[in-house]
Amino acid sequence: MAHKVMGICAGRKNGNGEIAVKAALKVLQDKGAEVEMINLFDYNILPCTGCEGCTMQMGNIAMGKQKEYKGCVLKDKDDVDALVTELHTCNGVIIAVPTYDLAPSSMYMRFAQRFLAYELSFLKEIGVVKEDPHTVAGLIAVGGSMHDWQPLALEVIQASMFTMSITPVDRMMLQRVGRPANVLIEDNADQLARAKEMGEHIWEAMETPVEDRKWLGDPNDGVCPRVRLRRHHGHQSRDRPSDAGHRPGEWPHPRPLHRQVPRRAPQRDRPDPHQLLPEAGRDQGRPGRVQGHGVPLPRPAGRQGVSRTRDR
């Protein structure tokens, strides 16, 4: 059975991200994979409303209060349901996302933040998804600068894979490609070659038994070896060769890497904020103040809220 791979681009048409994804997909196609590519700008993707409809349904089904999962409340209003349903049939995915300001673009985040309603492990449990595709991913962040201006890009894209039970096996950052098709110029030939190598890695991962899959990207890119390949309901091994000397499940560092944040003082030890306000600020009938407190309120609309400078 041929492997199926989807390319997802969240950037401009024929931009650097799309070119990189096509280069990787061409490698996979030449090896016999069925490939398809979408650009999120071609689809109607509404933002998550935070209604909690999906999680409430999941809870009700778990407690036996509800039998049928109706999915996201927006499923009939945009294209996300169709896109994710197709993604659930793919063995591999390559995602390219532009970085406009430190993190992935809003277009990709709008799409990814809808994933909770389509959590793969839950959909498998209730029979909506019949077979786990054990999807592996290659992630590409695209930016006009170096890592300094893309510090959160790959990390956030990779974190968004967790709900979908997608296992990243490679990731890369296109750098200094600020204009369309910059990745094609001679100075960036190594970056385009790296995208093709990602296609090779996706094929290798798909050809490898699920329990033997491993990280195939740069071993020095700073990703914790224990979260590169997450264990999705027993499908992935967390033991890596780099963890030699540590028992399975044991954190390899002797102490937490985060700094200890000082605890806030107990409430009784804090000064009364009203004592810090001038007496005039606690006038009971003063407009713009909460009665009995010195908390300012927004000025009402109209001329009272316009400064003298803007009034002239």
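The values are calculated or read from the model by the stated rules, or taken from the named source; none is laboratory data. Just so you know, these numbers come straight off a predicted model, no measurement behind them. Cβ coordinates were reconstructed from backbone atoms using ideal geometry, including for glycine residues, and neighbour counts include every protein chain displayed.
So V128 passes all but one of these: (1) surrounded by fewer than 20 Cβ atoms within 10 Å (Cβ to Cβ); (2) among the hydrophobic types (A, V, I, L, M, F, W, C); (3) over 26 Å from D79 (Cβ atoms). Which condition number does it fail?
(3)
Look through segment 145-176, keep the residues that are of a type in the set (G, A, S) and in contact with a helix residue (DSSP H, G or I) (Cβ under 8 Å, 6 or more places away or on another chain), and return whichever of them is surrounded by the most Cβ atoms within 10 Å (Cβ to Cβ).
Within segment 145-176, the match that is surrounded by the most Cβ atoms within 10 Å (Cβ to Cβ) is S165.
For A23, work out the one condition from (1) in contact with a Ser or Thr (Cβ under 9 Å, 6 or more places away or on another chain); (2) in a helix (DSSP H, G or I) it doesn't fulfil.
Condition (1) is where A23 drops out.
Could you give every pair whose Cβ atoms fall below 8 Å, whose first residue belongs to segment 125-138 and is more than 9 Å from I166 (Cβ to Cβ), and whose second residue is in a loop (DSSP other than H, G, I, E, B) and of a type in the set (F, W, Y), counting only separations of at least 6 or pairs across chains?
Close Cβ pairs (under 8 Å, with a partner that is in a loop (DSSP other than H, G, I, E, B) and of a type in the set (F, W, Y)) amount to I126/Y69; V128/Y69.
Any residue at all in segment 37-52 that is small (G, A, S) and at pLDDT 95 or above?
Checking segment 37-52: not a single residue is small (G, A, S) and at pLDDT 95 or above.
Restricting the search to segment 101-137, which residues are of a type in the set (D, E) and under 14 Å from the mean Cα position of the chain (by Cα)?
E119
Would you mind stating whether V142 is in contact (Cβ under 8 Å) with a residue 12 or more places away in the chain and surrounded by 22 or more Cβ atoms within 10 Å (Cβ to Cβ)?
It is true that V142 is in contact (Cβ under 8 Å) with a residue 12 or more places away in the chain and surrounded by 22 or more Cβ atoms within 10 Å (Cβ to Cβ).
For segment 96-154, name all the residues that are farther than 30 Å from I61 by Cβ, in contact with a Ser or Thr (Cβ under 8 Å, 6 or more places away or on another chain) and in a helix (DSSP H, G or I).
W149, A153, listed by residue number.
Report, ordered by the first and then the second residue, all pairs with beta carbons closer than 6 Å, sequence separation of six or more or different chains, a first member in segment 8-24 that is more than 10 Å from I95 (Cα to Cα), and a second member that is β-branched (V, I, T) and surrounded by 21 or more Cβ atoms within 10 Å (Cβ to Cβ).
N16/V142; N16/V177; N16/V183; I19/V183; A24/I94
In this structure, is S165 in a loop (DSSP other than H, G, I, E, B) and under 25 Å from E34 (Cβ atoms)?
Yes, satisfied.
Quick check on Y108: is it within 18 Å of V129 (Cβ to Cβ), surrounded by 16 or more Cβ atoms within 10 Å (Cβ to Cβ) and among the aromatic types (F, W, Y)?
Spelling it out, it is not the case that Y108 is within 18 Å of V129 (Cβ to Cβ), surrounded by 16 or more Cβ atoms within 10 Å (Cβ to Cβ) and among the aromatic types (F, W, Y).
Only one of G92, G71, G32, G53 is within 30 Å of L192 (Cα to Cα), more than 14 Å from the chain's Cα centre (by Cα) and surrounded by 15 or more Cβ atoms within 10 Å (Cβ to Cβ). Can you tell me which?
G92
For R238, all conditions in the list (1) closer than 30 Å to I61 by Cβ; (2) modelled with pLDDT of 90 or more hold save one; what is the number of the exception?
Tallying (1) closer than 30 Å to I61 by Cβ; (2) modelled with pLDDT of 90 or more, R238 fails exactly one: (2).
Checking I157 against (1) closer than 25 Å to Q113 by Cβ; (2) hydrophobic (A, V, I, L, M, F, W, C); (3) outside any helix (DSSP H, G or I), only one condition comes out false. Which one?
Evaluating I157 over (1) closer than 25 Å to Q113 by Cβ; (2) hydrophobic (A, V, I, L, M, F, W, C); (3) outside any helix (DSSP H, G or I) leaves (3) as the failure.
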